[in-house]
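Asker: Encoded as structure tokens, here's the structure I'll be asking about.
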Amino acid sequence: EAKSAINGIGLVKLMGRRSGFLAMHTVLATHDVDFCLIPEAPLNLDGPNGLPRAIYRKVLAQGHCVIVVSEGVARTVVKDPSTLPRDHSNRVVYPDIGPLLKEKILEFFSAEEIECNLKYIDPTYMIRACPPNSEDALACTVLGQSAVHGAMAGYSGFITGFVNGKVAFIPVEDLVEQRRKQVDIRSRTWLRVLASTRQESLVL
């Protein structure tokens, strides 16, 4: 869709409040993305290396641009979280990164007096609403039956999961104590993303 419009820009927001695995693997699967933005990679919206100017250069070079952003990127662009509102659980309510980026990009192109056609897509609920396939249904059946077997055998404080292709009882304590998994921006997988997108550095 971005290619079919004059100076077309496609902005897609995906799930990922704390980590960018979904966005990263989506980019590797499509090979059509120019910028992949994840919470683990620092992002700057202003200055010569800011995202809007990088998008501007990409659009001038190839006529279009596609951006995939994780919802958690909002945490990296807010400089002072103490000024943000909090929810009933006293957690900081970050702004929606999709409309925020859309506004920043449109403002930049307007200041440069360059026409652009930006399409913003948030497929979050479409992804969540997908019906399960046969493999999903089978996995749910096996995990559910295993949980019942464990409970009937007298076990508690566990969840069922697949470990090395086999169903296992995993203690909840082990999962709670583990650090949240995040994308290592020095890993080969992230370097493959950078090689695929050929995106500029957006740090400084």
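Asker: Are there any pairs with C-beta distances below 8 angstrom linking a residue in the stretch 108-135 that is more than 30 Å from Gly63 (Cα to Cα) to a residue that is open to solvent by 70 Å² or more (accessible area, probe 1.4 Å) and not charged (D, E, K, R), with the two at least 6 apart or on different chains, and if so which?
Answerer: Pro132/Cys140
Asker: Please specify each residue of the stretch 107-133 satisfying the condition of being in contact with a strand residue (DSSP E or B) (Cβ under 9 Å, 6 or more places away or on another chain), closer than 23 Å to Leu43 by Cβ and outside any helix (DSSP H, G or I).
Answerer: Residues satisfying the conditions are Cys116, Leu118, Lys119, Tyr120, Ile121, Asp122, Pro123.
Asker: Of the residues that sit in the stretch 134-151 and are aliphatic (A, V, I, L, M) and touching a strand residue (DSSP E or B) at 6+ places or on another chain (Cβ under 8 Å), which one is farthest from Val12 (Cα to Cα)?
Answerer: Ala147
The values are calculated or read from the model by the stated rules, or taken from the named source; none is laboratory data. Computed from a predicted structure; not experimentally measured. Here Cβ is always computed from backbone atoms with ideal geometry, including for glycine, and neighbour counts include all displayed protein chains. SASA here: full protein model, heavy atoms, side chains in, ligands and nucleic acids out. Shrake-Rupley method; radii C 1.70, N 1.55, O 1.52, S 1.80 Å.
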